[in-house]
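Asker: My structure is below; once you've seen it, I'll send some questions.
Readers should treat all values here as calculations from the given coordinates under stated rules, not as data from a laboratory. These figures come from a predicted structure and were not determined experimentally. Quick reminder, even Gly has a Cβ in these numbers, built from the backbone with ideal geometry, and neighbours come from all protein chains shown.
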Amino acid sequence: MDLHLLDAAPTPAERAAIDAFLGPPKDGWTGGAREPQDAHTAAGGHHSRSQRHLLLPALLAVQRRVGWISAGSLMYLCQRLTIPPADAYGVATFYALLPTAPRPPRVVHVCDDIGCRVRGAEAVCAELERTVGPAHHPPTGTSHELPAIGSGWIRSPCLGLCEEAPAALLTQAGATPVERLFGNATAGRIAAVLAGNDSTADQTRAPIPQAGDPDLLLLRRVDRIDPTDLDAYRAHGGYQALRLALDLGPDGVIREIADSKLAGRGGAAFPTGRKWDAVAKQPVRPHYVVCNADESEPGTFKDRVIMEKDPYSVVEAMTVAGFATGSEQGFIYLRGEYPLARTRLQHAIDQATSRGLLGDNIMSRPVRFTIEIRVGAGAYICGEETAIFNSIEGFRGEPRNKPPFPVQIGLFGKPTVVNNVETLVNVLEVLRLGGPQYAAIGTAGSTGTRLFCLSGHVARPGVYEVPSGTTLRRLLELAGGVAGGRALKAVLLGGAAGGFVRADEIDLPLSFEATRAAGATLGSGVVMVFDDTTDFADILRRIAAFFRDESCGQCVPCRVGTVRQEEALHRLQAHRPIGGTAAELALLDEIGLAMKDASICGLGQTAYSAVESAIKRLKLFDGVAPR
Amino acid sequence: MTTLVSLAPPRRLVSLTIDGKGIEAPEGSTILEACRTQGTEIPTLCYLETLHPVNVCRVCVVEVEGSRVLVPSCSRRVEPGMVVKTQSERVVHSRKMVLEFLASSVDLSTTPEVARWLGEYAARPDRYGPPAPPAAAGARDGLEPGHHDPVEPGFRATVAQPTKIDNELYLRDYGKCILCYKCVEACGTDHQNTFALTVAGRGFDARISTEFAVELPRSACVYCGNCIAVCPTGALMFKSEYDHRAAGTWDESRQTVTQTICPYCGVGCNLELHVQDNEIVKVTSPLDHDVTEGNLCIKGRFGWQFVQNRASEERPQGG
């Protein structure tokens with residue numbers, strides 16, 4: 001392909017960062033020194049096009065080195081990977097963590113999303129504005145090529161550390177980049193971090209509230225073993241499931257999963273056994289396993305806890321999935337805001353590989369499986385099961401139209417199993433207990449245990465594991481009830497894409513069938529508690545802003561509908577409704593129905609859920625007279 | 001003139017029901033094709049028969065029995081026994097809202113057909129409040145994903161912005177862009193393989209852009225104008241048409257279309273010269289041509305000045 005590049009060269013640091021990731025350029029065509037023999041070789045063809053999937057990790061390598069994506073670095077990357085510069089620009093501008101305008105090398109991303117909001121995030125931001133200065137804004141006009149220096153802070157959607165809210169993420173670009181997700185982020189602490197006094201090196205997390213409880217299944221190793229120690233993992237039951245799986249054979253594994261009635265934990269609740277069976281039966285090769293670790297639903301942090309504290313379980317479960325579905329390559333698509341999980345998972349993969357638990361002859365059998373981590377760059381939509389493919393392949397993370405489904409045409413156009421982290425880890429328990437025995441846990445329609453992410457105004461926030469069907473009341477009791485003994489006002493179930501339930505509905509059993517019957521959803525296991533001091537109009541606007549920010553922009557109902565929804569809520573909040581409150585609520589309903597019915601993917605289809613439940617269940621705007 | 005005969009094997013027929021009427025459609029055809037064959041009108045914006053369907057505008061959605069959500073008729077293929085409703089309450093509502101969403105955020109003044117649809121579906125784009133002030137030149141190009149400044153409550157956000165005029169041949173008025181992806185497809189793998197255009201940014205801030213939003217002469221653009229040919233809204237427009245419109249002299253009723261063959265090379269692309277007052281004002285090429293599918297190169301699209309010059313200039317004498 002003939003590339004038309006801008007006249008912009010990378011800085012030595014940018015070039016070094018790219019070469020460190022891709023290796024040195026091979027010839028003059030791909031950015032190396034021009035030699036006479038280059039005139040006699042051709043660049044392009046399938047080989048160069050097959051490198052597209054390296055674009056996102058290469059962009060992240062530049063970001064980690066210099067803090068933003070300059071024209072020079074992008075041109076060099078395009079030359080290295082034979083990608084048209086406009087295409088690569090379209091990809092970079094899709095991701096919040098890949099700014100294409102100068103940004104200081106040291107940035108603290110401060111979560112102001114709903115979970116942190118009710119725990120003082122706005123006060124933190126206000127204090128930062130007063131003490132540090134306004135949040136970083138991209139420079140306008142012609143200053144694009146100025147070198148970036150210093151530090152800055154920026155607001156962020158949910159960072160997935162809600163149990164230690166308010167949360168923040170430090171990204172410090174440089175020769176030895178630093179990325180740390182930290183909780184209890186006061187304005188003073190953030191200001192100190194920005195000034196270079198890094199107090200985030202200790203990444204010890206708060207223990208899970210149920211640590212040591214003998215009834216735990218999925219969390220039984222969490223906080224009990226060293227997450228970096230493979231021997232400890234094996235001593236506590238690790239790799240028994242894989243051994244069992246290898247003895248059972250692929251069909252046997254899928255039969256156990258089907259018998260267990262395990263359903264996906266990412267939000268859609270699709271039967272895992274059917275998904276695996278569909279991929280296993282596809283004659284086309286290769287098959288792929290993708291572990292969806294892009295957990296970005298506001299209020300969700302269960303997968304992060306597993307990955308940080310029991311990373312081998314994810315590696316083992318993926319290996320089982322690969323064996324059962326005839327896949328030899330697995331990808332973990334991990335959200336970019338989870339640096340500790342990345343370190344721990346990579347360590348686990350390396351250890352497992354060196355001990356013959358990944359690679360060519362797993363457990364000395366003719367079974368091959370490898371795992372690669374792909375890191376996201378700040379895009380909630382990439383957790384959508386087809387957007388994840390586009391992101392890994394080096395395209396904009398826009399969802400694909402379905403059908404065809406991932407089990408038919410998935411990653412790189414091949415049959416692919418996409419499972420959420422929690423779903424995969426459940427597979428180990430299914431094999432350990434046996435499918436029918438696993439199905440005996442929970443309820444008939446929702447088998448097994450479930451992880452719930454308790455956050456907001458709750459006494460003991462954190463991840464809790466309870467059998468499916470446990471009531472919301474029991475779960476809240478486990479977590480010590482409402483913080484400070486205040487009155488419960490509402491619970492957000494399932495995240496921003498879920499819905500609110502009232503305080504008088506907490507006897508609701510947390511199962512798929514009971515929540516569905518009640519018009520609610522378990523979603524990704526979010527249980528966010530709000531007391532009677534909550535400003536719900538503010539919470540709703542933040543949810544609406546979240547969807548507006550995270551819409552990929554592809555389809556009209558979601559791209560414009562999320563904007564119109566936020567505007568209507570803004571007008572209601574400002575007591576400036578057009579045509580009265582009732583007219584605004586009717587308008588919101590019309591917008592919501594179109595988003596639900598006509599959007600391409602789940603983001604648009606659920607963008608009205610929480611707002612709708614607040615209006616119809618909480619009766620939030622009833623009796624609100626226009627001023 | 002020789003007629004080209006398609007040598008593809010005959011296709012099996014699939015039986016399905018559209019609006020209560022049993023019909024048969026060739027296997028592999030889309031719901032939209034099946035509807036159009038039997039005379040059911042379905043509005044489309046991002047669909048074009050010469051491009052891969054991207055099904056993003058959602059104005060062509062229909063209800064398919066058994067499907068939780070509405071489906072885009074432009075890309076969903078017919079299946080045996082499928083029961084399709086093209087005018088159900090849900091369909092009409094979503095179409096109305098899509099048209100409202102577009103008309104309330106984009107200037108549709110040069111989009112054919114859309115005014116009629118807005119009327120048919122009783123869309124009321126003005127119910128979202130008055131438009132917020134337009135963006136300054138280039139401001140939308142610098143928007144970063146994941147953040148936005150909400151507009152003043154009571155106003156509605158739009159994509160209004162100044163027209164980008166950076167060359168003599170065509171211009172880009174992105175205040176009229178509905179983000180149908182057609183120009184990106186035509187510039188990329190569907191037709192031209194030049195890849196000068198992309199969708200940049202995310203959500204409502206997504207926009208058609210070159211790399212770092214540089215002006216077209218610095219980009220990979222080769223001025224084939226195939227993006228103009230597929231643009232459904234007039235966001236991409238010949239400079240000649242734009243100048244006439246600005247001067248108030250654009251009048252399609254005074255225009256004739258002359259079909260001819262491009263004289264530049266041996267490919268022999270068909271040209272349609274749009275002539276107003278004995279002046280060529282734009283050039284198109286028929287979409288249904290098996291070889292060129294409406295595409296031209298810079299010479300065929302823009303290189304017509306010699307036709308105009310011949311009348312006014314003395315021909316040089318001798319050799």
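Asker: For peptide B:208-218, compute the average count of partner chain beta-carbon atoms within 10 Å of each residue's beta-carbon.
Answerer: 5
Asker: Spin-label point model (7 Å from Cα, Cβ direction): what's the B:ASN167 to B:VAL307 distance in nm?
Answerer: The modelled label-to-label distance comes out at 2.1 nm.
Asker: Just from the alpha-carbon atoms, what are the Rg and Dmax of chain B in angstroms?
Answerer: 22.0, 77
Asker: Let me ask something additional. Of A:THR319, A:PHE182, A:ASN292, which is farthest along the charge dipole of the protein assembly as shown in the positive direction, counting Lys and Arg as +1 and Asp and Glu as -1 at C-beta?
Answerer: Working it through, the farthest residue towards the positive pole turns out to be A:THR319.
Asker: Counting only DSSP beta bridges with both residues in segment A:106-194, tell me the antiparallel percent, nearest 5.
Answerer: Working: 10 of 16 bridges.
That works out to approximately 60 percent antiparallel.
Asker: Between A:HIS347 and B:ALA137, what is the label-point separation in nm under the 7 Å Cα-to-beta-carbon projection?
Answerer: Label at B:ALA137, label at A:HIS347, 5.5 nm between them.
Asker: With runs of 4+ DSSP H residues as the only contributors, calculate the mean residue ellipticity of chain A at 222 nm using -39,500 (n - 2.57) per run, divided by the residue total and rounded to the nearest 500.
Answerer: -11500 deg cm²/dmol
Asker: Relative contact order, percent, of chain A when contacts are C-alpha pairs under 8 Å separated by at least 6 residues? Please report the intermediate quantities before stating the final value.
Answerer: Working: 1287 pairs, mean separation 74.8, N = 627.
Computed over chain A, the figure is 12 percent.
Asker: Rg to Rh for the protein assembly as shown: what is it, with Cα atoms only and Rh by Kirkwood?
Answerer: Checking Rg against Rh, the ratio lands at 0.97.
Asker: Where does segment B:158-312 land on Rg(C-alpha)/(2.2 N^0.38 Å)?
Answerer: 1.05
Asker: Read phi for every residue in segment A:283-291 and hand back ³J(HN,Hα) as whole Hz from Karplus 6.51 cos²θ - 1.76 cosθ + 1.60, θ = phi - 60°, with x for Gly and Pro.
Answerer: x, 5, 10, x, 9, 10, 10, 10, 8
Asker: So if I place +1 on the C-beta of Lys and Arg and -1 on the C-beta of Asp and Glu, and nothing else carries charge, what would the dipole magnitude of segment A:449-529 be about its Cα centre? I want it in debye, nearest 20.
Answerer: The dipole magnitude comes to about 160 debye.
Asker: Output needed: percent of Cα pairs per 10 Å distance bin for segment A:536-616, bins running from 0 to the one holding the longest distance.
Answerer: 21, 57, 21, 1
Asker: If you don't mind, another one. Need the full-extension length gain, B:ASP243 to B:ASP277, defined as separation in residues times 0.36 nm minus the C-alpha distance. One decimal, nm.
Answerer: 10.8 nm
Asker: While we're here: Give me the net charge for the shell around B:ILE165: Cβ to Cβ below 11 angstrom, other residues only, Lys and Arg +1, Asp and Glu -1.
Answerer: Result for the neighbourhood of B:ILE165: -2.
Asker: Calculated FRET efficiency, A:GLU372 and B:GLU215, Cβ-Cβ r, R0 35 Å, to nearest 0.05?
Answerer: 0.35
Asker: Given the convex hull over the Cα atoms of segment A:230-439, what projected area results after averaging over all orientations, in nm²?
Answerer: 10.6 nm²
Asker: Go through segment B:258-268 residue by residue and turn each phi into a ³J(HN,Hα) via Karplus (6.51, -1.76, 1.60, θ = phi - 60°); whole Hz please, and just put x for glycine and proline.
Answerer: 10, 8, 8, 10, 5, x, 6, 9, x, 5, x
Asker: Hey, got the dipole for segment A:124-248? About the Cα centre, +1 on K and R Cβ, -1 on D and E Cβ, debye to the nearest 20?
Answerer: Here the size comes out at about 100 debye.
Asker: On a straight-distance basis, which lysines could pair with A:LYS489 in a cross-link, Cα separation under 19 angstrom, same-chain partners fewer than 8 positions away excluded?
Answerer: Correct list for A:LYS489: A:LYS616, A:LYS619.
Asker: In what sequence, highest mean first, do A:29-42, B:142-155, A:494-507 appear when ranked by Cβ atoms within 10 angstrom?
Answerer: Going from most to least packed, we get A:494-507, B:142-155, A:29-42.
Asker: Amide H to amide H, which residues 5 or more places from A:ASP531 or on other chains are under 5 Å from it, using H placed in the peptide plane?
Answerer: A:HIS457, A:LYS489
Asker: Okay, next question. Find the relative contact order for segment A:536-616 and round it to a whole percent, using C-alpha pairs within less than 8 Å whose residues are 6+ positions apart.
Answerer: Working: 88 pairs, mean separation 27.0, N = 81.
Once normalised by length, the contact order is 33 percent.
Asker: Now a separate question. For B:THR258 and B:VAL222, compute 0.36 nm times the residue count separating them, minus their Cα-Cα distance, and round to one decimal in nm.
Answerer: Using 0.36 nm per residue and subtracting the Cα-Cα distance, I get 10.4 nm.
Asker: On to the next question. Is there a quick way to get the dipole size of the protein assembly as shown? I mean about its Cα centre, with the Cβ of Lys and Arg at +1 and of Asp and Glu at -1; what is the value in debye to the nearest 20? Don't skip to the answer; put the middle values down first.
Answerer: On the way: 96 positive and 107 negative charges, 197 e Å.
Using Cβ point charges on Lys, Arg, Asp and Glu, the protein assembly as shown gives about 940 debye.
Asker: Over the protein assembly as shown, what is the percentage of antiparallel beta bridges among all DSSP beta bridges, to the nearest 5?
Answerer: Close to 65 percent.
Asker: Sticking with this structure for a sec: Which of the helices in chain A, when you take each full DSSP H run, stretch at least 18 Å along the axis at their Cα atoms and have an average Kyte-Doolittle score of -1.0 or higher?
Answerer: A:240-260, A:311-325, A:339-354, A:421-433, A:536-550, A:556-573, A:581-598
Asker: Quick one: check the C-alpha center-to-center distance for segment A:31-50 versus segment A:400-427, whole angstrom.
Answerer: For segment A:31-50 versus segment A:400-427, the Cα centre distance is 35 Å.
Asker: Still on this structure, please answer the following. Is it possible to state the helix-based mean residue ellipticity at 222 nm for chain B, with each DSSP H run of 4+ residues giving -39500 (n - 2.57), the sum divided by total residues, to the nearest 500 deg cm²/dmol? What is it? Write out the running numbers ahead of the final one.
Answerer: Details: 8 runs with 64 residues, N = 319.
That comes out to -5500 deg cm²/dmol.
Asker: Quick check: net charge around A:LEU5, other residues with Cβ under 11 Å of its Cβ, Lys/Arg +1 and Asp/Glu -1?
Answerer: -2
Asker: What list of ³J(HN,Hα) couplings, whole Hz, do you get for segment B:31-47 from phi and the Karplus terms 6.51, -1.76, 1.60, once you set θ to phi - 60° and write x for glycine and proline?
Answerer: Along segment B:31-47, the couplings run 4, 4, 4, 4, 5, 5, 4, 9, x, 8, 7, 10, x, 9, 10, 8, 8 Hz.
Asker: Among A:ALA39, A:HIS570, A:GLY435, pick out the residue whose Cα is farthest towards the positive end of the charge dipole of chain A, where Lys and Arg carry +1 and Asp and Glu carry -1 on C-beta, about the Cα centre.
Answerer: Checking the options against the dipole of chain A, the answer is A:GLY435.
Asker: Now for a different question. How are the Cα pair distances of segment B:19-65 distributed, in percent, across 5 Å bins from 0?
Answerer: All Cα pairs considered, the percentages come to 4, 18, 29, 29, 13, 5, 0.
Asker: Pull out the extension gain between A:ALA444 and A:ASP215, defined as 0.36 nm times the separation in residues minus the alpha carbon to alpha carbon distance; nm, one decimal.
Answerer: 80.5 nm
Asker: Over the whole of A:595-602, what's the average partner chain Cβ count within 10 Å per residue? Rounded to a whole number, please.
Answerer: That average works out to 6.
Asker: Return a whole-number percent for the relative contact order of segment A:1-134, with Cα pairs under 8 Å and 6 or more residues apart as the contact set. Working shown, then result.
Answerer: Values: 146 pairs, mean separation 36.9, N = 134.
Computed value for segment A:1-134: 28 percent relative contact order.
Asker: Just to be sure I understand the model, the point goes 7 Å from the Cα along the line to the Cβ. What's the resulting A:ASP622 to B:ASP19 distance in nm?
Answerer: 4.2 nm
Asker: Kirkwood Rh over alpha-carbon pairs of segment A:106-194, then Stokes-Einstein at 20 °C and 1.002 mPa s: what D in µm² s⁻¹, rounded to an integer?
Answerer: On the way: Rh = 13.4 Å.
In µm²/s, the coefficient is 160.
Asker: Now, a different point. Amide H to amide H under 5 Å from B:VAL62: which residues, 5+ apart in sequence or cross-chain, H placed 1.01 Å off N in plane?
Answerer: B:VAL71, B:SER73
Asker: Within 10 Å of each Cβ in A:79-92, how many Cβ atoms from other chains are there, averaged over the peptide?
Answerer: That works out to 6 on average.
Asker: Over 26 Å between Cα atoms: which of A:LYS402/A:LYS596; B:LYS182/B:LYS299; B:LYS176/B:LYS239; B:LYS96/B:LYS176; A:LYS275/A:LYS402; B:LYS21/B:LYS182 fall into that group?
Answerer: Beyond 26 Å between Cα atoms: B:LYS21/B:LYS182.
Asker: Over all directions, how big on average is the projection of the convex hull of the alpha-carbon atoms in segment B:10-130, in square nanometres?
Answerer: Mean orientational projected area (segment B:10-130, Cα hull): 8.2 nm².
Asker: Please list, ordered by chain and number, the residues whose modelled amide H lies under 5 Å from the amide H of B:MET237; skip anything fewer than 5 residues away on the same chain.
Answerer: Amide H neighbours of B:MET237, under 5 Å, 5+ apart: B:LEU171, B:ASP173.
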